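Bear in mind these aren't lab numbers, they're just calculated from the coordinates by the rules spelled out. Just so it is clear, the model here is predicted, and its values are computed rather than measured. Here the Cβ positions follow ideal geometry from the backbone for every residue, glycine too, while neighbour counts run over all protein chains shown.
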Amino acid sequence: MRFPPRISRIGAAAAVLSALLVGGTVTATPAAAAVGSICYGDLPSQAHDTLELIEQGGPYPYPQDGTVFQNREGILPSQSSGYYHEYTVITPGSPTRGARRIVTGEERQEDYYTADHYASFDLINYGC
């Protein structure tokens, strides 16, 4: 059986599920409340390719891949500079990098997907 890349990366989703199962409370910051969720299996195939490249450490198709994501939009949970990194999800037929990205948070090992160039994010859930 082949496991998806970064299968251990359930990060924040695991904390929320754990708190709910044991009767705890979950508090969200305004930024975290704006982040949705997406099942790994519901991602476009190109996102799977990007996650595999991240797991392998490259090589990446664009020089911007792996650079620090600044979170200027403030949608992702607030972290120190350098916490997040971005990677291109290739858009078939697009003459440019397109709008799709994977943004990773290394310390908590979470992965986010955006299809609209940072206007919204979904935390990737590897357990569904």
J(HN,Hα) series, region 101-114, from Karplus relation 6.51 cos²θ - 1.76 cosθ + 1.60, nearest Hz, glycine and proline x: 9, 10, 10, 10, x, 6, 5, 8, 6, 9, 10, 10, 10, 10
Net charge over other residues, Cβ less than 12 angstrom from the Cβ of SER37 (K, R count +1; D, E count -1): -4
